[in-house]
1. Which of the residues that make up the range 204-235 are of a type outside the set (D, E, K, R), within 17 Å of Leu107 (Cβ to Cβ), surrounded by 11 or more Cβ atoms within 10 Å (Cβ to Cβ) and free of Cβ contacts under 8 Å to residues at least 60 places away in the same chain?
2. Please find, within the range 126-140, the residue that is surrounded by the fewest Cβ atoms within 10 Å (Cβ to Cβ) out of those that are in a strand (DSSP E or B) and among the hydrophobic types (A, V, I, L, M, F, W, C).
3. What number of residues within the range 151-203 satisfy the criterion of being among the charged types (D, E, K, R), under 27 Å from Pro81 (Cβ atoms) and either open to solvent by 80 Å² or more (accessible area, probe 1.4 Å) or not in a helix (DSSP H, G or I) (or both)?
4. Does the range 51-95 hold any residues that are farther than 26 Å from Pro121 by Cβ and outside any loop (DSSP other than H, G, I, E, B), and which are they?
5. Please go through the range 10-30 and pick out each residue that is out of contact with any helix residue (DSSP H, G or I) (no Cβ under 8 Å at 6 or more places or on another chain) and of a type outside the set (Lys, Arg).
6. Assuming Val16 fulfils every condition listed in (1) in contact (Cβ under 8 Å) with a residue 60 or more places away in the chain; (2) open to solvent by less than 50 Å² (accessible area, probe 1.4 Å) apart from one, which condition is it?
7. Would you confirm, using the coordinates I've provided, whether Leu198 is touching a residue at least 12 places away in the same chain (Cβ under 8 Å) and under 16 Å from Leu106 (Cβ atoms)?
Amino acid sequence: MNGPEIHVEFAPELLVFVPQARATGSLRTATDGFSSLGHVVESLGVPLTEVGTLLVNGREVPTAHVPAAGESVTVRPHTHPQRVPGAPLRFLLDVHLGTLARRLRLLGVDTAYESTDIGDPALAARSAAEKRVMLSRDRGLLRRRELWAGAFVYSTRPEEQLAYVLDRFDPELRPWTRCTACNGLLRAAGKEDVADQLKEGTHRTYDVFAQCADCGRAYWKGAHHEQLEAIVERAVASRSGRR
């Protein structure tokens, strides 16, 4: 690009996408004179899913704004919680976020997950068709125009990923209502309904069960329940703290 030059300042949390601006928090860049400001910001490395507000000389502008020479641009992130059009709030996670998917389902959040790499076009198409927020660490995927909505998952640690998603979107939590394996809804089940899935010790020790209405998987308060209960309690407490 060798057109009008502009000055672009980034919020601190967005500098992870713009290494060349980390030292000062800003940079000067040339534009081509006809591309939108949204295109320019993305070309500098920031997916538009992460952009909450664009200011030009202190005035809010849409992503379609075409920059003029000498303009000073400020790129701000979304405020939390981010409001997404449509309801209920639903998510789609790519192949790299399996643990996060299971934890969101544990909390009763409608979470679709692809356990194999079906490719960015297919993921973006599903996000649009099912009106799901695409969660990913793939910046290229988050730049696809077909997405219904999306968000970059900054951390690689499941605990931090979950805390971030809950803080950013504040979804309704209904713990223990979804299958962590397939996202189906759980219903109460008698021991006789799930007997074929129980080992002898489990059959003898437990009497309260739930079963997925979609895949049939059985659930009970087994050896790992305390660990799962702790995840739920932290999530519910963090939600209460935001109220």
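1. From the range 204-235, those of a type outside the set (D, E, K, R) are 205-206, 208-213, 215-216, 218-220, 222-225, 227-228, 230-232, 235; that's our starting set.
After this cut, where a residue has to be within 17 Å of Leu107 (Cβ to Cβ) as well, the list is 210, 212, 219, 224-225, 227-228, 230-232, 235.
This time we only want the ones that are surrounded by 11 or more Cβ atoms within 10 Å (Cβ to Cβ), so: 210, 212, 219, 225, 228, 231-232, 235.
Answer for the range 204-235, where residues must be of a type outside the set (D, E, K, R), within 17 Å of Leu107 (Cβ to Cβ), surrounded by 11 or more Cβ atoms within 10 Å (Cβ to Cβ) and free of Cβ contacts under 8 Å to residues at least 60 places away in the same chain: Ala210, Cys212, Tyr219, His225.
2. Val133
3. In the first step, residues of the range 151-203 are kept if they are among the charged types (D, E, K, R); the result is 157, 159-160, 167-168, 170, 172, 174, 178, 187, 191-193, 196, 199-200.
Filter once more, so that each one left must be under 27 Å from Pro81 (Cβ atoms): 157, 159-160, 167-168, 170, 172, 174, 178.
After this cut, where a residue has to be either open to solvent by 80 Å² or more (accessible area, probe 1.4 Å) or not in a helix (DSSP H, G or I) (or both) as well, the list is 157, 159-160, 170, 172, 174, 178.
Number satisfying all stated conditions: 7.
4. Passing the criteria: Thr53, Leu54, Leu55, Val56, Arg59, Glu60, Val61, Ser72, Val73, Thr74, Val75, Arg76.
5. Ala11, Pro12, Glu13, Val16, Val18, Pro19, Gln20, Ala23, Thr24, Ser26, Ala30
6. That leaves (2) as the condition not met.
7. Working: touching a residue at least 12 places away in the same chain (Cβ under 8 Å): yes; under 16 Å from Leu106 (Cβ atoms): no.
Judged against the criteria, Leu198 is not a match.
The values are calculated or read from the model by the stated rules, or taken from the named source; none is laboratory data. A quick note: this is a predicted structure, and the numbers were derived from the prediction, not measured. Note that each Cβ is placed from the backbone with ideal geometry, even for glycine, and that neighbours are counted across all protein chains shown. Ligands, DNA and RNA are excluded from the accessible area calculation, which covers all protein heavy atoms including side chains. Shrake-Rupley method; radii C 1.70, N 1.55, O 1.52, S 1.80 Å.
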